[in-house]
Amino acid sequence: MIAPLFPKTLRYPVIAFLVLSLALVTASYNFSLRSGLDRLARSGSVVVAQSADRLIAQLESYRELTDLMSRHPQVAALIENRSTVPRTSEFLLRIALTTGAKEIHTLDAEGKVLASSTFDDNAQIIGTDWSQRADVMAAKTRRMGVFHSADVYGRRSYYFARSVLADDGQPQGYVVVKVNMDELEAEWRIDENVVTFFDDAGIGFVSNRLAVALMRDETIAQVPPTAFDYPLALVTTFPEYEIHHAGGHALWQFQDAAEMPKRALVISQDVPLIEMTARAFMDAEPALSDARLLAALTAAMLSLFGLGVAIFVQSRARLADRLRLEEEANSQLEARVAKRNAQLQKAQDDLIHASKLTALGQMSAGISHELNQPLSAIQNYAENAKKLIELGRDPDARENLTLISEQTQRMGRIIHNLRGFARKETEPLERVNVADVLEASLGLAAQRAVSEGIVFKVDTITDAWVDAGHVRLQQVIVNLLSNAMDALGDSAVKEISVSLTRRRGQVQLVIADTGPGLADIDRAFEPFYTTKEIGASKGMGLGLSISYGIIGSFGGLISVENLEGSGAAFTVTLPALTLQEAEE
Ligand code: ADP
């Protein structure tokens, strides 16, 4: 089964992380968008202010021209009938050509055209009544009158009108200067952002995008389009847009407007001097894509972090799984070992049972063989003694009785041996010097050794005090020595090395021979295990097992090993008494 990405217990932390990540991504998007749009709004304000300044500066010279012309003697001369229309018109044309004004007109006190820079092309203009035009009406109140309009070709013009004052301070005529906006705009077209000046009718009058000029946005209109002198057929509708709020700003979203950015931050500024509102349409796309980029980066970083945590958690989980599996495998192994141990224990118990039966068999064979011999001898001696008594040979019969007595003694010895094996020693221990016991034991063995050509090599110390039983310890040592001598029967080299040492709180006695070694070393201390002919007077396979018990009762240990080459070495180890303990 494929492991789940996260363990169940981590479900809530994972959900919390996802929610937090979502919140962080949204926050970073909002933060970036807000600061991007704030920046855009600031630069929009600068753009709009610069555009307004530029337009005002461009119009200012014509405003001043209008002011100057209103006080020009040639204009006054015409109004006061001291000059002719053609002459003044000629003069006006010259001024228009040198200043770049589209047209310059002089009006009489009623507001009718007296002279015009266009007189040569359009003589009918003379006498046209402009008294109702907004600029002329404003000029009547001695202000600088302004007016804007478009002709049937869509050419937009801006007008300045100023009264020509008589000596009594009353308006006696007017000067009107017309400026062509298309020519002024021409130098703006390179601007990156769309900037348009809208009039009170919501019509884009000046714009750095030709297509936006004469578009009407009725949502901002304060007066109907007829308030100005526009050919209505040329006024188009401003592109549709929806307003969305993002990053604390209102964004205009245009559907299909070739000239407009898709999403624009619109910065407006009133320009009272020309009675218009300037609007800069700042492209919000870079701020939006910056915000999207930052959000994507944040998401990527969070994903990386999440992935890192996931990998860490996964590896921890896998480690835990592995440990669990190992633990399971261990406990299975332990169970198998325990089962195998039980089987082994049973096999061992069976074996012990079998070897007990074998030992019992051997023991009965040994005992019956040992006892049978003296018994049959006793029977023979008894039969003979009976016959000798019948024959009156009493001395011979007495001899037989002596022999019978000897045989019963022998039987007694055998039984004593058996009792020794079965007996549990309870005698108290005493302080014994192993060196003394060894010396006595060697003394007992010396006679046989000499007769069988066996050499003892003894390396001993003087003080080797232990807690033991003197007689029983001697029994063990004598048994070991006689076993060694038994083993040397057919050996070419007949040597027995005896070494007594005391080291690290222990007394150690090693008896090694140059015999053939033990045939079955694992069974050496087994009761009734013997390689000697059953019934031989030497023993019944009890010597070593009795010795083992005796040394054990002293708190020591007896062990055996086969030597390299040949021979066996028996080691008796006993806890040593300190000199102080020994003297107490
Ligand atoms: P027994 O001497 O009556 O056989 P033990 O218990 O003393 O009984 O010895 C058991 C057996 O251990 C011996 O029959 C013999 O095979 C073996 N054994 C003991 N000592 C030696 C030895 N020094 N070298 C070789 N075999 C030995």
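Quick note: the coordinates plus some simple rules give every number you see, no bench work behind them. Please read these numbers as outputs of a predicted model, since none were measured by experiment. Here Cβ is always computed from backbone atoms with ideal geometry, including for glycine, and neighbour counts include all displayed protein chains.
Report the full-extension gain for the segment Asp321 to Asn180: residue separation times 0.36 nm, less the Cα-Cα distance, to one decimal in nm.
Working it through step by step, the gained length comes to 42.2 nm.
Please name whichever of Tyr29, Val48, Met69 sits farthest to the positive end of the charge dipole of the stretch 1-75, dipole taken about the Cα centre and charges placed at Cβ: Lys and Arg +1, Asp and Glu -1.
Farthest towards the positive pole: Tyr29.
How big is the stretch 25-123 in terms of Cα radius of gyration and Dmax, in angstroms?
My reading of the Cα-based Rg and Dmax gives 24.1, 81 Å.
May I ask you to sort Ile220, Ile190, Ile404 by Cβ crowding, counting other Cβ atoms within 10 Å and putting the fewest first?
Fewest-to-most Cβ neighbours within 10 Å comes out as Ile190, Ile220, Ile404.
Tell me, Met215, Met540, Met144 in order of fewest to most beta-carbon neighbours within 10 Å?
With the fewest neighbours first, Met215, Met540, Met144 line up as Met144, Met215, Met540.
Efficiency by 1/(1 + (r/R0)^6): what FRET value for Gln345 and Val14, r their Cβ-Cβ distance, R0 = 30 Å, to the nearest 0.05?
0.05
Could you pull out every residue, at least 5 positions away or on a different chain, whose amide H is within less than 5 Å of the one on Ala568? Hs are placed 1.01 Å off N in the peptide plane, and Pro or chain starts have none.
Those lying under 5 Å, H to H, from Ala568 are Asp513, Gly515, Gly517, Leu563.
Viscosity 1.306 mPa s, temperature 10 °C: Stokes-Einstein D of the chain from its Kirkwood Cα radius, in µm² per second?
Taking Rh from Cα pairs, D becomes 42 µm²/s.
Would you work out the charge dipole size for the chain about its Cα centre, treating the Cβ of every Lys and Arg as +1 and the Cβ of every Asp and Glu as -1, and quote it to the nearest 20 debye?
For this selection, approximately 1060 debye.
If you take the alpha carbon radius of gyration of the stretch 467-512 and divide it by 2.2 N^0.38 Å, what ratio comes out, to two decimals?
My calculation over the Cα atoms of the stretch 467-512 gives 1.36.
About the Cα centre of the stretch 253-296, how large is the charge dipole given +1 on each Lys and Arg Cβ and -1 on each Asp and Glu Cβ? Please answer in debye to the nearest 20.
Its charge dipole is roughly 180 debye.
Starting from the Cα gyration tensor of the stretch 181-257, take the square roots of the eigenvalues, sort them a ≥ b ≥ c, and report rounded, prolate or oblate (rounded when a/c is under 1.5, otherwise prolate if a/b is larger than b/c, else oblate).
It comes out oblate by the Cα gyration axes.
Residues with amide H under 5 Å of Ala115's amide H, sequence separation 5 or more or different chain, H placed in the peptide plane at 1.01 Å from N; which?
For Ala115, whose amide H was placed from the backbone, the distant partners under 5 Å are Thr106.
Place +1 on the Cβ of every Lys and Arg and -1 on the Cβ of every Asp and Glu in the chain, take the dipole about the Cα centre, and give the residue among Leu438, Ile367, Ile378 whose Cα lies farthest towards its positive end.
Ile378
When only DSSP loop residues count, what GluC sites (Glu not before Pro) in the stretch 148-225 have their Cβ near at most 11 other Cβ atoms within 10 Å?
Passing sites in the stretch 148-225 are Glu187, Glu192.
Please sort by residue number the GluC sites (Glu not before Pro) in the stretch 81-163 whose DSSP state is loop and whose Cβ has at most 13 other Cβ atoms within 10 Å.
Glu110
Just to be sure I follow the definition: excluding the sites themselves, where is the longest run in the chain that has none of the trypsin sites (Lys or Arg not before Pro) in a DSSP loop with at most 16 other Cβ atoms within 10 Å?
The longest uninterrupted stretch comes out as 263-392.
Give me the dipole magnitude in Debye, nearest 20, for the stretch 14-75 about the Cα centre, with unit charges on the beta carbon: positive for Lys and Arg, negative for Asp and Glu.
Around 180 debye, computed over the stretch 14-75.
Among Thr237, Thr277, rank each residue by its count of other Cβ atoms within 10 Å, from fewest to most, as a rough exposure measure.
Thr237, Thr277
Could you work out how far apart the two model spin labels at Ala211 and Gln447 are, taking each label as a point 7 Å from the Cα in the direction of the beta carbon, and quote it in nm?
With each label point 7 Å from Cα toward Cβ, the separation is 14.4 nm.
Which FRET efficiency, nearest 0.05, do Ala77 and Asp270 yield, Cβ-Cβ r, R0 51 Å?
So, using R0 = 51 Å, E works out to roughly 0.80.
With unit charges on the beta carbons (Lys and Arg positive, Asp and Glu negative) and the dipole taken about the Cα centre of the chain, which residue among Gln447, Ile95, Gln58 sits farthest to the positive side?
Farthest towards the positive end: Gln447.
Quick one: of the DSSP bridges fully inside the chain, what percent are antiparallel, nearest 5?
Around 90 percent antiparallel, to the nearest 5.
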